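Q: First the structure, then my questions, so here it is.
The values are calculated or read from the model by the stated rules, or taken from the named source; none is laboratory data. Every value quoted in this text rests on a predicted model; they were computed, and no experiment measured them. Here the Cβ positions follow ideal geometry from the backbone for every residue, glycine too, while neighbour counts run over all protein chains shown.
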Amino acid sequence: MTETTQANNNRGRSIDIVNASLKRRYARERRFRYLGLSAVILGLLFVGTLFVDIISKGYSAFVQTHIVLDVYFDPEVIDPDGTADPAVIARADFRQIARQPLRELFPEVSGRRDKRALYKILSSGAPYQLLDMVQADPSLIGTRQTVELIADDDIDMLAKGHIDRTAPPADRRVNDKVIGWVDKLESQGLIRKNFNTAFFTNGDSREPELAGIGGAVAGSFYTLLVTLSLSFPIGVAAAIYLEEFAPKNRWTDIIEVNINNLAAVPSIVFGLLGLAMFINLFGLPRSAPLVGGLVLTLMTLPTIIIASRAALKSVPPSIREAALGVGASRMQTVFHHVLPLAMPGMLTGTIIGMAQALGETAPLLMIGMVAFIVDVPGGPLDPSTVLPVQVFLWADSPERAFVERTSAAIMVLLAFLVAMNAIAVIMRRRFERRW
Amino acid sequence: MQLSVLVFVLLGVMALAYHLGRRRSLATVGGRVGARSLHSLPSYYGFYTALWAGLPALLIAGLWVFFEGSIINSMVVQGLPSELRELPPAQLGLLMNDVNNLASGNIVSGEVDATMQRAADHLNELRSIGSTALAIAVLSIALGTASLAWRAIGPKMRARNRVEVIVSSLLVVSSLIAILTTVGIVLSVLFESFRFFQKVPVTDFLFGLEWSPQVALRADQVGASGAFGAIPLFAGTLLISFIALLVAVPVGLMSAIYLADYAGPKLRSNAKPVLEVLAGVPTVVYGFFAALTLAPAIRGVGESVGLSVSSESALAAGLVMGIMIIPFVSSLSDDVINAVPQSLRDAAYALGATRSETIRQVVLPAALPGIMGGILLAASRAIGETMIVVMAAGLSANLTANPLDSVTTVTVQIVTLLVGDQEFDSAKTLAAFALGLLLFVVTLGLNIVALHIVRKYREQYE
């Protein structure tokens, strides 16, 4: 007894020890707290950086530079014999028609190289624009019209200020002469930036100014249609069986573990499955949204099954007991009473699964949806690509204008995803019931 | 007839069958008044007829869609002249590809001769016969089975029980699809891997230090050694995943701790969903960000301090991948931290511990198994991630631990080997499946361990 008091006296009272260390401990507390706060801020900063980077690169793709020209639809060139035959018109040399007003504006340009450079400020799609106008309204032939023609992607970049005019000419995509012409056009008010509708309707193209996401959006639509029409019924049915009917035994245990594991299998492995099974074994067409939809179905099924089971679990047993009590069969209980109550949760899970499928790229690369496809697909068996794959394809292209378009495509993709997730959140808030 | 039209017609037939079945059940008992003497509700007789009308026909149509291609193909091959039939499979495949293109009016690679034209015509003919036959078969089966079911309807028939048996077997089949998917993955990957290991020994693949999957066509070809050693790929994958975890684990864990134990309800309810946005962003977007923004930035910084940085450095890919998996780590850690009972915390506070001491010495040790499980899941995510590395990491298989160097990963190689033209008997293509098998096995192992840990840990405090 005396020994311990002795020891205590030697070391001082415990409160002194505590007090002495208190300052240090509080400092540590503060440090830990700031560390946590800075982790949260860092995370938020990453989100901010990502979005700011994408938006700042991509917002300018939503306008497209056009050059306003007085085009003379010369009957000598378009339809010399006055046949008004669409086939003759389609074969006419509209490049000449498009170039004529440029020659009139810059009569001083001579020499083959300079002329070629001058003509290149118009997109190679500009003649087709004129052709479309004439095909829509043949009475234009022989008249003079003010037309906004698509500018080349380099001119587009120059007009949007993405090309550094002070850089040495060798590092620039446009030389001083072209800059002079564009400045002259600009001073006459002939350069106009309009909303870029072609970006939303066109298919892919090698020319950035003509490339659009129309084909990719249609491909994504068909792919998701296949995915949704297969994965929702199958996922809900599987969830109903596992949650309501399956006996609890080893076999159902295996299915359950299996579903949880499938949810974490890398998506690219599903692509290998699609390639080996659907394409090589069953001979389904490559690059088709049907195959993409099948692969994504297998990929999203676990998500939907897990969400649907959670929704079924949240329906209280009293509902089931009441239904069984008034003489409903088990099947009637589930389909008439439990399923309607669980439906909002199941739909929420399905939307989240669809959002996942919409953003998925890797498995679709395996089944050949990376092809360069100009046409907008018209059905689930046509070759097509999807929005994220289009982003991947464009990201590889060296032109500055494609960087802009890639970012814009990403913005469209993110807008779809945000909308889908917002619907899921709203549905959850609106229909969630606490029992 | 178009397949989609056929499906719609079939749906129409089902609706009609429902209506007729329902009517007949009422008719057998003398209208609505007699409905009480029916065994089941009238609509069950309708469902019974409709299911019989639709299911067998849909099954036939589905089987046809899956096997149409290969059946018609083999019939066309049978129709070819014998000297063409004897060609090696690869050339025959090319020939058939041309025939296919010719039949659908596309551009053909070589010259079109008479036999090819004949084969293409044959193909088109078979296709049109096939689709007509399918339409007739499907519709007659639908009508036949529906009328059989319709005739069986009577007041004594236990329609509800029969419908329920059909529906419950459909439910069982749906839940088996998950199993079938796994079996399909394993079989398809295993089968091609076996063919690969017949060409390249397993030990060379697993322990080889050299990866250059170019198979020499001639003996004297340069740069086509055909080495299939997977070690550099795994080293690259591990390097990038390690960098990713180095970013994601501290940030994710600390933000989960802060949001669970320190933050006010307002910050918590706002910051959590914003952080979870990171999990919803498509990986191709991260890839774009890594390749076009972060990699040049890292390169610029590196060069300004005199380091030579590859433009496809492992660092850029790893950092961005780390950002991607932050929400996985943080939401899983959040779950387990919240699952630690309040009584443990209260006990620590009662002893005079500060908040951070409670967290570090009580909460974290208690939550450690769950957190480890979460980290393992995140690691398996990182190993299997494809798009970020395809876009931001390189192709050259360097065996290095320098994060500023360019490395390649398993998933990158699978993509580069399988995108574009393939021949299915070369070691080059089959190697992708062997890599896929390894990837599947490794991630499956990680997942099983992680899910087991998480599950076990949850039980502990429940």
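One line per residue, one yes/no per condition, for (1) more than 7 Å from every other protein chain (Cβ to nearest Cβ); (2) not in a helix (DSSP H, G or I):
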position: A:Glu243; (1), (2): yes, no
position: A:Val265; (1), (2): no, yes
position: A:Leu273; (1), (2): no, no
position: A:Pro285; (1), (2): yes, yes
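Okay, residues lined up against (1) under 29 Å from the mean Cα position of the chain (by Cα); (2) assigned by TED's automatic domain parsing to the domain that holds B:Leu38:
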{"residue": "B:Ile129", "(1), (2)": "no, yes"}
{"residue": "B:Leu134", "(1), (2)": "no, yes"}
{"residue": "B:Ser140", "(1), (2)": "no, yes"}
{"residue": "B:Ala149", "(1), (2)": "no, yes"}
{"residue": "B:Val163", "(1), (2)": "no, no"}
{"residue": "B:Ser174", "(1), (2)": "yes, no"}
{"residue": "B:Ile177", "(1), (2)": "yes, no"}
{"residue": "B:Val186", "(1), (2)": "yes, no"}
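Q: Hey, among the residues in segment A:245-259 that are within 14 Å of A:Ile306 (Cβ to Cβ), hydrophobic (A, V, I, L, M, F, W, C) and facing chain B (nearest Cβ under 7 Å), which one's nearest to the chain's Cα centre (by Cα)?
A: If we take residues in segment A:245-259 being within 14 Å of A:Ile306 (Cβ to Cβ), hydrophobic (A, V, I, L, M, F, W, C) and facing chain B (nearest Cβ under 7 Å), then A:Ile259 is nearest to the chain's Cα centre (by Cα).
Q: Going residue by residue through segment A:274-285, is there one that turns out to be under 25 Å from the mean Cα position of the chain (by Cα) and surrounded by fewer than 23 Cβ atoms within 10 Å (Cβ to Cβ)?
A: yes
Q: To continue, here is another question. Please indicate, with yes or no, whether at least one residue in segment A:105-113 is surrounded by 20 or more Cβ atoms within 10 Å (Cβ to Cβ) and either within 28 Å of A:Phe402 (Cα to Cα) or of a type outside the set (Lys, Arg) (or both).
A: no
Q: Moving on. Here is a list of conditions, (1) surrounded by 16 or more Cβ atoms within 10 Å (Cβ to Cβ); (2) of a type in the set (A, V, I, L, M, F, W, C); (3) away from chain B (no Cβ under 12 Å), and A:Val374 meets all of them except one; can you say which number that is?
A: Single failed check for A:Val374: (1).
Q: Moving on to the next point. Which residue is nearest to A:Ser56 (Cα to Cα), if the candidates are limited to segment A:155-182 and must be acidic (Asp, Glu) and at pLDDT below 85?
A: A:Asp164
Q: Examine segment B:88-102 for a residue that is in contact with a Leu (Cβ under 9 Å, 6 or more places away or on another chain), in the same structural domain as B:Leu11 (by TED's automatic domain parsing), modelled with pLDDT under 75 and not in a helix (DSSP H, G or I), and state whether such a residue exists.
A: No, segment B:88-102 has no match at all.
Q: Next up: A:Asp132 is checked against (1) in contact with a Phe, Trp or Tyr (Cβ under 8 Å, 6 or more places away or on another chain); (2) surrounded by fewer than 20 Cβ atoms within 10 Å (Cβ to Cβ) and fails just one. What number does that condition carry?
A: (1)
Q: For segment A:396-413, what are the residues that are facing chain B (nearest Cβ under 9 Å), under 25 Å from A:Met366 (Cβ atoms) and surrounded by 23 or more Cβ atoms within 10 Å (Cβ to Cβ)? Working first, answer last.
A: First, the residues of segment A:396-413 that are facing chain B (nearest Cβ under 9 Å): A:396, A:403, A:406-407, A:410, A:413.
Next, from what is left, pick out any that are under 25 Å from A:Met366 (Cβ atoms): A:396, A:406, A:410, A:413.
Within segment A:396-413, A:Thr406, A:Ile410, A:Leu413 meet the criteria.
Q: Can you say whether A:Thr252 is within 17 Å of A:Leu364 (Cβ to Cβ), among the β-branched types (Val, Ile, Thr) and out of contact with any Gly (no Cβ under 7 Å at 6 or more places or on another chain), as far as the supplied structure shows?
A: On the way: within 17 Å of A:Leu364 (Cβ to Cβ): no; among the β-branched types (Val, Ile, Thr): yes; out of contact with any Gly (no Cβ under 7 Å at 6 or more places or on another chain): yes.
No: the conditions fail for A:Thr252.
Q: Same structure, new question: Inside segment A:361-391, can you point out the residues that are touching a Gly at 6+ places or on another chain (Cβ under 7 Å) and closer than 20 Å to A:Ile268 by Cα?
A: A:Ala362, A:Pro363, A:Leu364, A:Leu365, A:Met366, A:Ile367, A:Met369, A:Ser384, A:Thr385, A:Val386, A:Pro388
Q: Given the conditions (1) more than 14 Å from every other protein chain (Cβ to nearest Cβ); (2) within 31 Å of the chain's Cα centre (by Cα); (3) hydroxyl-bearing (Ser, Thr, Tyr), report the number of the one that A:Ser314 does not fulfil.
A: Unmet for A:Ser314, out of (1) more than 14 Å from every other protein chain (Cβ to nearest Cβ); (2) within 31 Å of the chain's Cα centre (by Cα); (3) hydroxyl-bearing (Ser, Thr, Tyr): (2).
Q: Restricting to segment B:56-68, what's the tally of residues that are of a type outside the set (Phe, Trp, Tyr) and surrounded by 16 or more Cβ atoms within 10 Å (Cβ to Cβ)?
A: 5
Q: State yes or no: is B:Ser169 polar (S, T, N, Q), under 30 Å from B:Leu38 (Cα atoms), within 14 Å of chain A (Cβ to nearest Cβ) and free of Cβ contacts under 8 Å to residues at least 60 places away in the same chain?
A: Spelling it out, B:Ser169 is indeed polar (S, T, N, Q), under 30 Å from B:Leu38 (Cα atoms), within 14 Å of chain A (Cβ to nearest Cβ) and free of Cβ contacts under 8 Å to residues at least 60 places away in the same chain.
Q: Take residues that are of a type in the set (Gly, Ala, Ser) and tell me which of the helices (runs of 4 or more DSSP H) falling wholly in segment B:276-346 contain 2 or more. Write out each step before concluding.
A: On the way: elements: B:283-289, B:295-304, B:314-339.
Result: B:295-304, B:314-339.
Q: May I ask you to say which residue of B:Leu404, B:Leu377, B:Leu315 is more than 14 Å from chain A (Cβ to nearest Cβ) and either within 30 Å of A:Phe270 (Cβ to Cβ) or surrounded by fewer than 16 Cβ atoms within 10 Å (Cβ to Cβ) (or both)?
A: Just a single option satisfies the conditions, and that option is B:Leu315.
Q: In segment A:159-204, what residues are hydrophobic (A, V, I, L, M, F, W, C), part of a loop (DSSP other than H, G, I, E, B) and touching a residue at least 40 places away in the same chain (Cβ under 8 Å)? Before the answer, list the steps.
A: The first filter runs over segment A:159-204 and keeps only residues hydrophobic (A, V, I, L, M, F, W, C), leaving A:159, A:163, A:167, A:170, A:174, A:178-179, A:181-182, A:185, A:190-191, A:195, A:198-200.
Those left that are additionally part of a loop (DSSP other than H, G, I, E, B): A:163, A:167, A:174, A:190.
Hits for segment A:159-204 are A:Ile163, A:Leu190.
Q: Could we say that B:Leu134 is surrounded by 14 or more Cβ atoms within 10 Å (Cβ to Cβ), at pLDDT below 85, under 24 Å from A:Ile279 (Cα atoms) and not charged (D, E, K, R) here?
A: When the stated conditions are applied, B:Leu134 does not pass them.
Q: Every residue in segment A:60-93 that is modelled with pLDDT of 85 or more, among the hydrophobic types (A, V, I, L, M, F, W, C) and in a helix (DSSP H, G or I), please.
A: Across segment A:60-93, the qualifying residues are A:Ala61, A:Phe62.
Q: Does segment B:384-399 hold any residues that are surrounded by fewer than 21 Cβ atoms within 10 Å (Cβ to Cβ) and in contact with a Leu (Cβ under 8 Å, 6 or more places away or on another chain), and which are they?
A: Residue satisfying the conditions is B:Leu399 alone.
Q: Looking at A:Glu209, is it within 14 Å of chain B (Cβ to nearest Cβ) and acidic (Asp, Glu)? First the steps, then the outcome.
A: Details: within 14 Å of chain B (Cβ to nearest Cβ): no; acidic (Asp, Glu): yes.
Against the criterion (within 14 Å of chain B (Cβ to nearest Cβ) and acidic (Asp, Glu)), A:Glu209 does not qualify.
Q: Please find, within segment B:19-33, the residue that is farthest from the chain's Cα centre (by Cα) out of those that are loosely packed, with under 14 Cβ neighbours inside 10 Å and in a helix (DSSP H, G or I).
A: From segment B:19-33, those loosely packed, with under 14 Cβ neighbours inside 10 Å are B:19, B:27, B:30-33; that's our starting set.
Add one more test, that the residue is in a helix (DSSP H, G or I), and what stays is B:19, B:27, B:32-33.
Numbers: B:His19: 40, B:Ala27: 51, B:Arg32: 52, B:Val33: 55 Å.
Among those that are loosely packed, with under 14 Cβ neighbours inside 10 Å and in a helix (DSSP H, G or I), it is B:Val33.
Q: Would you confirm, using the coordinates I've provided, whether A:Leu131 is in contact with a helix residue (DSSP H, G or I) (Cβ under 7 Å, 6 or more places away or on another chain) and in a strand (DSSP E or B)?
A: no
Q: Here is a follow-up. Name the single residue, out of those in segment A:65-104 being surrounded by 21 or more Cβ atoms within 10 Å (Cβ to Cβ) and among the β-branched types (Val, Ile, Thr), that is farthest from A:Ala151 (Cα to Cα).
A: Going through the qualifying residues, I end up with A:Ile78.
Here's the yes/no breakdown for (1) crowded, with 22+ Cβ neighbours inside 10 Å; (2) modelled with pLDDT under 85; (3) within 24 Å of the chain's Cα centre (by Cα); (4) farther than 15 Å from B:Arg381 by Cβ:
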| residue | (1), (2), (3), (4) |
| --- | --- |
| B:Ala224 | no, yes, no, yes |
| B:Ile231 | no, no, no, yes |
| B:Phe234 | no, no, yes, yes |
| B:Thr237 | yes, no, yes, no |
| B:Gly252 | yes, no, no, no |
| B:Ser255 | yes, no, no, yes |
| B:Tyr262 | no, no, no, yes |
| B:Pro265 | no, no, no, yes |
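Q: Output yes when any residue across segment A:137-150 is within 25 Å of A:Pro398 (Cα to Cα) and either surrounded by 17 or more Cβ atoms within 10 Å (Cβ to Cβ) or out of contact with any Leu (no Cβ under 9 Å at 6 or more places or on another chain) (or both), and no when none is. Give the steps one after another, and end with the answer.
A: Of segment A:137-150, the ones within 25 Å of A:Pro398 (Cα to Cα) are A:149-150.
The next check asks that each one be either surrounded by 17 or more Cβ atoms within 10 Å (Cβ to Cβ) or out of contact with any Leu (no Cβ under 9 Å at 6 or more places or on another chain) (or both); those that pass are A:149-150.
Taking every residue of segment A:137-150 in turn, at least one turns out to be within 25 Å of A:Pro398 (Cα to Cα) and either surrounded by 17 or more Cβ atoms within 10 Å (Cβ to Cβ) or out of contact with any Leu (no Cβ under 9 Å at 6 or more places or on another chain) (or both).
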